[in-house]
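Take a look at the structure set out below.
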Amino acid sequence: MDNLDAEDCVGIDLGITNYIYTSNGDSVDWLDLSDEYERLRREQRSLSRKEHGSNNWEKQRQEVAKVKRRIKRKVEDFQHKLTTWLVKMYDAVFVEDLNVVGMLQQRGNARNKQDAAWRGFIEMLEYKGDLYGTHVVQVNPAGTTKECAECGVETEKPLWVREHSCPSCGFEVDRDANASYNVLSRGLQELGLGQAEVTPVETATAVETDGGRSSSVPASHVIETGSLGA
Ligand SMILES: [Zn+2]
């Protein structure tokens, strides 16, 4: 891989609860569409009360379609901005491969909607990667959360446990940070870059000692400015 520096690569953890977390310590909340979905439910309820095929029904059907279109546009706009930021910022972006069956089963049916959103996100990311000449690599998602990014020992971790604390080597870091380091090292391996330059420990230390670098970016900021930069 010519001219590809491990430092310009990033691993991304796709959060189960609507956000991404990068191996550089950035977290981005997913769009909050609760208002829009509430509106959609209201319009759909109203539609179900109207006489099928009547003028009022047809009018209301168009209202429902309008709200759906608005939600779709918002999601696409958000995905455009987020993926553009990532491929401009990095030379290689690694994400979990959501097509691996085990992960979907593990996530359960309740998460299918979010999985669909992540699929759209990854598709957009690949498209942008092509446009900007950025590698987008999907890696095996098995055990990215359980596995210790430092020593590789797997530990069961219920969803509410937000800290990774390895019983084997003592490595302690945020749960999603640990997952993003695993995604990063798997991506580097895929590209034949190995782990010599960026071991999870060094990455973790860099994030911890470089206090101002870690940041959380609200989705609204992405929408308003079209960038995640400060
Ligand atoms: Zn460990």
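Laboratory data are not the source of any read-out in this text; all were calculated from the coordinates shown. Note that the structure is a prediction, hence the values are computed from the model and not measured. When we count neighbours, we look across all protein chains shown, and the Cβ atoms used for this are built from the backbone with ideal geometry, even at glycine.
Summary table
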{"quantity": "Chymotrypsin sites (Phe, Trp or Tyr not before Pro) lying in DSSP loop within region 112-196, provided at most 11 other Cβ fall within 10 Å", "calculated": "TRP160"}
{"quantity": "Aspartates and glutamates with Cα under 13 Å of LYS157, excluding same-chain neighbours fewer than 8 positions away", "calculated": "GLU147, ASP174, ASP176"}
{"quantity": "Length added when fully stretched, LYS68-SER46, from 0.36 nm per residue minus Cα-Cα", "calculated": "6.4 nm"}
{"quantity": "Loop-located trypsin sites (Lys or Arg not before Pro) in region 127-170, at most 10 other Cβ atoms within 10 Å (DSSP)", "calculated": "ARG162"}
{"quantity": "Of LYS74/LYS128; LYS68/LYS146; LYS72/LYS128, those spanning more than 28 Å from alpha-carbon to alpha-carbon", "calculated": "LYS68/LYS146"}
